[in-house]
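Worksheet for the structure shown next.
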Amino acid sequence: MTIRAGIVRDERYLEHKTGITHPEHPRRLKAVYRMLDTEFKGCFLHIQPEFAPLEYLELVHTPMYIEKVLKTAEYDFTHLAPDTPASAKTYLAAWLAAGGCISGIDALISGRCDVCFALVRPPGHHALPDRAGGFCIFNNLGIAARYAIERHKLKRILIIDWDIHHGNGIQHLFYGVKEVLYFSTHDTLLYPYTGSWEETGEGEGTGFTVNIPIPRDLEDGEFLFLYQEILRPVVLRYCPEMILVAAGFDANHEDPVGRSHIAEQTFGWLTHLILDIGERLAHQTGMPSPSNSKGCIPVLFTLEGGYQPRALARCIREVLKAIREETHSKNLPVKKTSRVVKLLEKARTIHAKYKVWTDP
């Protein structure tokens, strides 16, 4: 099955200036766009981002905080948080980053594409309703999920967060609801130091947050084993109508911030796994997507972390290569070790009582 794929990109994302030494620098996206133009020219549908309507920003962020972000236009350089600088056009890039994810949702729902990658910045998964943090300003995927629920009436959305930092902002937004299941693998020794095993949701959302803290020296095959063994039942039991991926690449072995050891090819394998499970779910349920008959659940990837520009571009290349392949049902190079089996069993034990994704 050939998947129709779209890319959200815009030169205005480069207008968010953070300072020469800041990790979240425009050169990240410049390297990605250069790779895209060199190796995938004409291969993807271009999706033009639009600014997110204020009414949808306000589904996630307080009016006072939105005003605070917009007011940064009055300064050449300032800070929204100690680690999150802003320049005169930061508001524009952040507003357009949220809007780019909304544009991706619309393209998926309309059937223009089956998979979309929003190559945006600044990132978003740490942003809280009333404050920035962790280089994030607006919670791009949180806004996109709320938009899909409010505008397109979706009832079940899965957010997969493979960034090495826990997406505390996304978790906070959906901790008490069952319309969004949040699944994250991360290093809890890194910012924001959240995402413990026991953080599983509250109220109606109890059991719909799945946190998998991983050791810093986790190997590629072990990483893939955890995703294969946990993500598959999560998807097939929860039956999401759409999958959103917080695609951070700071777990890569060359990243100066993440301190992990994951190779770029592993992100391609993860992409194959997600698309294969999505196709299996569509066939299992007879519910391909809200909009098309291609036999796949719509997937939106959104760029989060990844702070070595050349390595980031190589990681995204692997994802795009995987998206373009016709067959996603592949034997992943998993490595089953005693420590990842223990991690798997711990996850199953903690979540067994909720019966959201574990066996009844």
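The values are calculated or read from the model by the stated rules, or taken from the named source; none is laboratory data. The shown structure was predicted, so the numbers you read here are calculated from the model rather than taken from an experiment. Don't worry about glycine lacking a Cβ; one is built from the backbone with ideal geometry, like all the others, and counts go over all protein chains shown.
Scan region 9-54 for residues that are among the β-branched types (V, I, T) and closer than 17 Å to C315 by Cα and jot them down.
V32, T38
Could you list all residues from region 177-206 that are part of a loop (DSSP other than H, G, I, E, B), surrounded by fewer than 20 Cβ atoms within 10 Å (Cβ to Cβ) and small (G, A, S)?
Within region 177-206, S196 is the sole residue that qualifies.
Which residue pairs have Cβ atoms under 6 Å apart, sit 6 or more places apart or on different chains, and have a first residue in region 39-65 that is exposed (fewer than 15 other Cβ atoms within 10 Å of the Cβ) and a second that is in a loop (DSSP other than H, G, I, E, B)?
Between residues of region 39-65 that are exposed (fewer than 15 other Cβ atoms within 10 Å of the Cβ) and residues that are in a loop (DSSP other than H, G, I, E, B), the close pairs are L45/C113; T62/P129; T62/D130.
Okay, residues lined up against (1) aromatic (F, W, Y); (2) crowded, with 17+ Cβ neighbours inside 10 Å; (3) part of a loop (DSSP other than H, G, I, E, B):
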| position | (1), (2), (3) |
| --- | --- |
| D217 | no, no, yes |
| F223 | yes, yes, no |
| F249 | yes, yes, yes |
| G268 | no, yes, no |
| I274 | no, yes, no |
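Looking at A93, A86, which is the one that is in a strand (DSSP E or B), under 28 Å from H22 (Cα atoms) and in contact (Cβ under 8 Å) with a residue 24 or more places away in the chain?
On inspection, the qualifying residue turns out to be A86.
I need the full set of residues from region 329-359 which are outside any helix (DSSP H, G or I) and closer than 24 Å to D250 by Cα, in order please.
Within region 329-359, L332, P333, V334, K335, K336, T337 meet the criteria.
Report whether or not L231 is closer than 23 Å to R112 by Cα, touching a residue at least 40 places away in the same chain (Cβ under 8 Å) and not acidic (D, E).
no
Is it the case that region 227-236 has a residue that's part of a loop (DSSP other than H, G, I, E, B), at negative phi and surrounded by 17 or more Cβ atoms within 10 Å (Cβ to Cβ)?
So far as region 227-236 goes, no, none of its residues is part of a loop (DSSP other than H, G, I, E, B), at negative phi and surrounded by 17 or more Cβ atoms within 10 Å (Cβ to Cβ).
Within region 72-83, how many residues turn out to be in contact with a Phe, Trp or Tyr (Cβ under 9 Å, 6 or more places away or on another chain) and either in contact (Cβ under 8 Å) with a residue 60 or more places away in the chain or charged (D, E, K, R) (or both)?
Counting residues in region 72-83 that are in contact with a Phe, Trp or Tyr (Cβ under 9 Å, 6 or more places away or on another chain) and either in contact (Cβ under 8 Å) with a residue 60 or more places away in the chain or charged (D, E, K, R) (or both) gives 1.
Condition check: modelled with pLDDT of 95 or more, of a type outside the set (D, E) and under 30 Å from H328 (Cα atoms). Does V8 satisfy that?
yes
Could you look through region 287-312, keep only residues that are among the aliphatic types (A, V, I, L, M), touching a helix residue (DSSP H, G or I) at 6+ places or on another chain (Cβ under 6 Å) and not in a strand (DSSP E or B), and pick out the one that is modelled with the highest pLDDT?
L312
Suppose the filter is at pLDDT 95 or above, under 16 Å from the mean Cα position of the chain (by Cα), assigned to a strand (DSSP E or B) and farther than 20 Å from C315 by Cβ; does L158 pass it?
Judged against the criteria, L158 is a match.
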